[in-house]
Amino acid sequence: MKRVRAEILSTRRLGAYHALTVVAPEIAERARPGQFVSVAMPPERSFLLRRHFSIHHASRRGGWAGTLEFAFDPQGQGTRWLAEAKAHQFLDVIGPLGKAFAYPTRLTNCLLVAEGHGGATISFLAQELRARGKRVDMILGGATQEHVFKPIEAKRIAQTLAVATVDGSMGERGTVLDLLPRMLEATGAQVLYAAGPRETLRGIAEVCLERRIPSQMALEERMACGMGQCFTCVVPVVRKDGSGYDNLRLCTEGPVLNPARVLWDRWMGEQPALAPTPPEGFPVVRSWPG
Amino acid sequence: MTVDLNGVVLPLPVLAAAGCLGTGREATLVDLHRLGGVVTMSLTLEPRKGSPTPRMAETPSGLLSWIGLQNAGVEAFLREDLPHLQRVGVPVIASVAGSSVEEYLRVTTLLQNRPGIVALEVYLGAPDEERGRGRPFHARPDRISEVVGAVARMSRLPVFAKLPALEPDLVESARACVRAGAHGLTLIDGVPGMAVDAERLRPALAAPVGLLSGPAVKPIALAAVYRVAREMPEVPIMGVGGISTGTDAVEFLLAGAWAVQVGTAMLVDPAAPVEIARGILAYLKDKQLESPAALRGRLRLGREPS
């Protein structure tokens, strides 16, 4: 974890999203897919907390070496400020934070699924998997074509790409979940990776459990510090031996988790405090089988 | 820059506030060597899982949060976290919590005779499951006295009672704490607050009422410190609430605090405590004062002479 004063190299719109490239060699060198950075807000404003962004790219070689890219949906006051930041302005950036996706060692066919800005996370992973000789297939989705994250880049990286939009403006009308069974069969996927809204991830997790496909997902929860200090960003995760569960911090023990160990009901349920222990006890999930 | 809280000697007047440093092990960007002390997260006898999420919301100049006392339990703290703090050599103030007087006592007992722990802080915002039907201990003056008295009688370490600002009579409660055996006070605990997501017709926090911290509460905390310090100038007070700059800290010292704790600011800027200590030092130099203690009670009341 490093803290740097990072110069903004470029700022641009990407459909519904906004992307910033900053110069941060100390972070870019170490960054791996699934990890994130935190960016400080200007001190004179009434919004104090740092904003956290999944790393979309970290260039270690070539003309862009030492740069880091992240993307966001400029909906809140902090992200709107960032979207208006100009090139050559400096940002206070901390990273890389959190645990990265694990790469498969034995298995080769990887299906990557992303909805909305989850595509930023997943495209970094796709490149790293390709660099390791894995087969990568992708499903991208979003509300409209504006919300499908960099489909052209995905097309270039992935063996096959399927796209779904809720309004049907790109690819098929529907969600990534609608395309999932077909893509699993067509690609012979052995491992699945996903990022996006928690409702979607939960649906994907159920399919993976049913079909016994090892998977990893980058989750999101409201986060104050991003450095493990405040214990706000927790998710209930079953212990490896099934002896109970712990509220783990996504910033430190996540954001990438094995969805088979996440207690989705307890995390997302209407009355999480009342979610019972499953009658059959907690599942025993061994470590990453990829 | 040493401060002496009637026997609790700290190398600097700036401490990390309870629950803002995690376990102290993963905070690699907070320079523990350069803190006056670390107040631990509040410790209970057994591990606690804490509140469901969402646990936080950002509000104007503030952070609203309710963690629900998530912690690994006092024994895990002693086994896993304390050794690291001992190696660093930073003075540790252990924050004690519980749901009954007995639990406070048992936690207190386990914290005795541990090198590195220089004092205890009694967190009174924990839900009172024994007699308060889940309302916090500090909601009832008699329960404040009972808990603080029990802990102070059991403890060989000096005990600081942490009080919120908004209860019926802060000064009376502060007096009751001292009468019950508290060595000093920590002012203030977070201010109860709420945020609502109108779009989804939901409270922003699962709790749904949380505690407000950050610059938004600074004037409330300053008033609390001022009122208590004026009545009890001999009782050490640690001021806490929205301190994010050296000037903020100086304001608390002038209002009567003996030392300050930094919480929310450290979540935003891990270097904040160091910057704040530097700011205090610069102010002292500028005013040609020897030590932070020289600021205490220097607040000039009455009209500015023209």
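None of the figures in this text is laboratory data; all of them are computed from the coordinates on show. What you see is a predicted model; the values in this text were computed from it and never measured. Don't worry about glycine lacking a Cβ; one is built from the backbone with ideal geometry, like all the others, and counts go over all protein chains shown.
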Once the mean of 1/r over all distinct C-alpha pairs in the stretch A:109-274 is inverted, the Kirkwood radius in Å reads 16.3 Å
In deg cm²/dmol, rounded to the nearest 500, the helical mean residue ellipticity at 222 nm of chain B, built from -39500 (n - 2.57) for every DSSP H run of length 4 or more, is -8500 deg cm²/dmol
Whole-Å distance linking the alpha carbon centroid of the stretch B:216-285 with that of the stretch A:101-140 is 49 Å
Out of A:Gly171, A:Ile8, A:Val235 - ranked by how far each Cα lies towards the positive end of the dipole of chain A, with unit charges on the beta-carbon of charged residues - the top one is A:Ile8
Per the rule of 0.36 nm per residue minus the C-alpha distance, extending A:Thr105 to A:Lys2 adds in nm 34.2 nm
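Just to check, using Stokes-Einstein with a Kirkwood Rh over alpha carbon pairs, what's the diffusion coefficient of chain B at 25 °C and 0.890 mPa s in µm²/s? Don't jump to the answer; show the numbers that get you there.
Numbers: Rh = 19.3 Å.
Taking Rh from Cα pairs, D becomes 127 µm²/s.
With only Lys, Arg, Asp and Glu charged, each at its Cβ (+1 for the first two, -1 for the last two), find how big the charge dipole of the stretch A:2-97 is about the Cα centre; round to the nearest 20 debye. Before the final figure, lay out the partial values.
Numbers: 14 positive and 8 negative charges, 28 e Å.
It comes to approximately 140 debye.
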Relative contact order of chain B (C-alpha contacts under 8 Å, at least 6 apart) in percent is 19 percent
Ordered by fewest other Cβ atoms within 10 Å, a rough proxy for footprinting exposure, B:His84, B:His183 read B:His84, B:His183
Charge tally for neighbours of B:Ala18 with beta carbon under 14 Å away, counting Lys, Arg as +1 and Asp, Glu as -1, is -2
Excluding residues fewer than 8 positions from A:Lys240 in its own chain, the aspartates and glutamates with Cα under 14 Å of it are A:Glu253
dims of the stretch A:2-97, Cα set, principal axes, largest to smallest, nearest Å -> 37, 28, 25
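Hey, fewest Cβ within 10 Å first, where do B:Asp31, A:Asp92, B:Asp269 land in order?
Working: B:Asp31 14, A:Asp92 17, B:Asp269 23.
Listing B:Asp31, A:Asp92, B:Asp269 from fewest to most nearby Cβ atoms yields B:Asp31, A:Asp92, B:Asp269.
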Straight-line reach check, A:Lys155, cutoff 13 Å on alpha carbons, 8 or more apart in-chain or any other chain, hits among aspartates and glutamates -> A:Asp137
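What's the FRET efficiency of B:Thr247 with A:Arg156 using the Cβ-Cβ distance as r and R₀ = 51 Å, to the nearest 0.05? Please list the in-between numbers first.
Working: r = 53 Å, r/R0 = 1.05.
Taking R0 as 51 Å, the efficiency between B:Thr247 and A:Arg156 is 0.45.
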Cα extents of the protein assembly as shown per principal axis, largest first, Å, are 76, 60, 46
Sorting A:Ile152, A:Leu184, A:Ala102 by the position of each Cα along the dipole of the stretch A:85-197 (Lys, Arg +1; Asp, Glu -1; all at Cβ), the one nearest the positive end of that ordering is A:Ala102
Percent of all alpha-carbon pairs of the stretch B:102-238 at distances over 23 Å, whole number, is 38 percent
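Rank the residues B:Ser51, A:Ser243 as a footprinting-exposure proxy: fewest other Cβ atoms within 10 Å of their Cβ go first.
Working: B:Ser51 23, A:Ser243 10.
So the ranking, lowest neighbour count to highest, is A:Ser243, B:Ser51.
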Along the dipole axis of chain B (charges at Cβ: +1 for Lys and Arg, -1 for Asp and Glu; origin at the Cα centre), the most positive-end residue among B:Leu110, B:Pro208, B:Leu69 is B:Leu110
Lys and Arg at +1, Asp and Glu at -1: neighbours of B:Ser244 with Cβ under 11 Å from its Cβ sum to -2
Ranked by GNM mean-square fluctuation in chain A (Cα springs under 10 Å), the top entry among A:Arg32, A:Arg80, A:Arg156 is A:Arg156
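R0 = 35 Å: FRET efficiency of A:Arg80 with B:Val88, Cβ-based, nearest 0.05? Show your work: numbers first, answer last.
On the way: r = 40 Å, r/R0 = 1.14.
Approximately 0.30, to the nearest 0.05.
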HN-Hα couplings for the stretch A:33-40 via Karplus (6.51, -1.76, 1.60; θ = phi - 60°), in whole Hz with x for Gly/Pro, come out as x, x, 7, 9, 10, 10, 10, 6
Eigenvalues of the alpha-carbon gyration tensor of the stretch B:264-306, times 5 and square-rooted, give semi-axes in Å, largest first, of 27, 14, 9
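Which percent, nearest 5, of DSSP beta bridges in the stretch A:109-274 are antiparallel? Please report the intermediate quantities before stating the final value.
On the way: 8 of 31 bridges.
Roughly 25 percent of the beta bridges in the stretch A:109-274 run antiparallel, per DSSP.
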Once both label points are put 7 Å beyond Cα along the C-beta direction, the B:Val196-A:Phe90 separation in nm becomes 4.4 nm
Residue span A:Ala143 to A:Asp178: 0.36 nm per residue of separation minus Cα-Cα distance leaves a gain in nm of 11.2 nm
